[in-house]
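Take a look at the structure set out below.
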Amino acid sequence: MNDTPVITIDGPAGSGKGTISQRVADHLGWHILDSGALYRLVGLAAQRKQIDLDNEDAVAEIAKDLDVVFKANDEDEVVVLLEGNDVSLAIRSEEAGAAASQVAAKPSVREALLERQHRFQKDPGLVADGRDMGTIVFPHALVKIFLTASAEIRAERRFNQLKQQGISANLRGLIRDIEKRDARDTNRKDAPLVPAADAITIDTGKLSIDEVVNSVLAAVKKHI
Ligand code: DC
């Protein structure tokens, strides 16, 4: 078994996983796995190839053969290349998120991505961000964190993010989308969005980013 340490950070859309995982990984100098990006890439690749997202076998083939590269640019931001094309922005759209949630409900798609996710476990350590990192992908992780926040707060964060990017959005609509995505991610049979039995749950609703990062690092310090 690979004994490189792993910290898993799971939680629903907009709970702050991405930001917190990045900050914790930067602080420790560890690698990062953004597993949601993999599901987004599968959704996007299937749509670009005009494959029906409900065609499980065809989508699983895409997941198996996904030609993807994650690399840092000069500003140290992660650039995602799908078949050589920069899709860093395209995979962040609401549409790609919805497609990701749809393909992620298919067991053979999840199975096809499992080994690829395990390959991110490299020294000196890995911070893995997703929905099932602590339950399925890295069940022996050193520390498991589950982040939560109400749908309203998560939608508001998304609303402000979009506003900053000059994109207009409707808050009610965002709340509805988030609730729909939560329901699909939580109620699916395979690897549903639930905290691992040994996860530490942190409600990020009333906490600053620094406060959440510090709680995670405090939990990690007890183990390393
Ligand atoms: O974290 P995110 O919003 O980028 O994830 C996009 C979708 O991918 C999300 O709705 C559910 C799915 N997902 C998953 O099923 N398992 C993961 N480990 C990560 C994401």
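The values are calculated or read from the model by the stated rules, or taken from the named source; none is laboratory data. Keep in mind it's a predicted model, so treat the numbers as computed, not measured. Cβ sites come from the backbone with ideal geometry, for glycine too, and all protein chains shown count toward neighbours. Heavy atoms of the whole protein, side chains included, go into the accessibility calculation; ligands, DNA and RNA do not. Shrake-Rupley method; radii C 1.70, N 1.55, O 1.52, S 1.80 Å.
How large, in percent, is the carbon and sulfur part of the accessible surface of the chain at a probe radius of 1.4 Å? Could you put the intermediate results ahead of the total?
Details: 5800 of 11690 Å².
Here carbon and sulfur together make up 50 percent of the probe-accessible area.
Distance between the pseudo-spin-label points of N55 and D86 (7 Å out from Cα toward the beta carbon): 3.1 nm. Each Lys and Arg contributes +1 and each Asp and Glu -1, all at the Cβ; summed about the Cα centre of the stretch 4-156, the dipole is approximately 400 debye. Accessible area per residue for the stretch 5-73, computed on protein heavy atoms with a 1.4 Å probe, is 42 Å².
Which number comes out as Rg/Rh for the stretch 157-224 once both Rg and the Kirkwood Rh are worked out on C-alpha atoms? Don't skip to the answer; put the middle values down first.
Values: Rg = 16.1 Å, Rh = 15.0 Å.
Expressed as Rg/Rh, it is 1.07.
In units of the rule-of-thumb radius 2.2 N^0.38 Å, the stretch 38-103 shows an alpha carbon radius of gyration of 1.10.
How much of the pair distance distribution for the stretch 63-151 lies past 14 Å, counting alpha-carbon pairs only, in percent? Value for the stretch 63-151: 75 percent of Cα pairs lie more than 14 Å apart. Take every DSSP beta bridge with both residues inside the chain and express the antiparallel ones as a percent of the total, to the nearest 5. Restricted to the chain, the bridges split so that about 30 percent are antiparallel.
Extending 7 Å from Cα along the Cβ direction at E94 and again at H223 yields two label points whose distance is 3.6 nm. Partner lysines whose Cα lies under 16 Å from the Cα of K122, excluding those fewer than 8 positions away in the same chain, are identified as K71. On the basis of the beta-carbon distance and an R0 of 22 Å, R116 and R48 show a calculated FRET efficiency of 0.70. For the stretch 96-224, the dipole from Cβ point charges (+1 on Lys and Arg, -1 on Asp and Glu) about the Cα centre works out to 280 debye, to the nearest 20. What is the distance in Å between the Cα centroid of the stretch 1-49 and that of the stretch 129-166? The two parts, judged by their Cα centres, are 10 Å apart.
Under the rule that an exposed site lies in a DSSP loop and has at most 12 other Cβ atoms within 10 Å, name the longest stretch of the chain with no trypsin sites (Lys or Arg not before Pro) of that kind, not counting the sites themselves.
Details: sites that count: K49, R119, K122, K189, K206, K222.
Longest gap between qualifying sites, sites excluded: 50-118.
For T148, the amide hydrogen comes within under 5 Å of the amide hydrogens of I202, D203, T204, counting only partners 5 or more places away or on other chains and with H modelled in the peptide plane.
Return the calculated 222 nm mean residue ellipticity for the chain, to the nearest 500 deg cm²/dmol, obtained by summing -39500 (n - 2.57) across DSSP H runs with n ≥ 4 and dividing by the residue count.
Numbers: 8 runs with 103 residues, N = 224.
Theoretical 222 nm ellipticity from helices: -14500 deg cm²/dmol.
Around P192, what is the net charge, scoring Lys/Arg as +1 and Asp/Glu as -1 over all other residues with Cβ under 14 Å from its Cβ?
Details: positive: K106, R110, R131, R181, R184, R188, K189; negative: D10, D132, D182, D185, D190.
Cβ neighbours under 14 Å give a net charge of +2.
Near the amide H of V127, within less than 5 Å, lie the amide hydrogens of I7, H31, I32, L33, all on another chain or at least 5 residues away, with H placed in the peptide plane.
Cross-link partners of K206 among lysines, defined as those whose alpha carbon lies under 16 angstrom from its own and excluding same-chain residues fewer than eight positions apart: K17. Rg and Dmax, both from the Cα atoms of the chain and both in Å, are 16.7, 49. Looking at S168, I153, T186, which one has the Cα that reaches farthest to the positive end of the dipole of the stretch 150-224 (charges on Cβ: Lys, Arg +1; Asp, Glu -1)? Ranked along the dipole, the leading option is S168.
Here the gap between Q165 and V79, fully extended at 0.36 nm per residue and compared with their Cα-Cα distance, gives a gain of 29.2 nm. Our coupling estimate for the stretch 187-196, obtained by passing each phi through the Karplus curve with A = 6.51, B = -1.76, C = 1.60 and θ = phi - 60°, is 8, 5, 6, 8, 6, x, 6, 9, x, 5 Hz, Gly and Pro reported as x.
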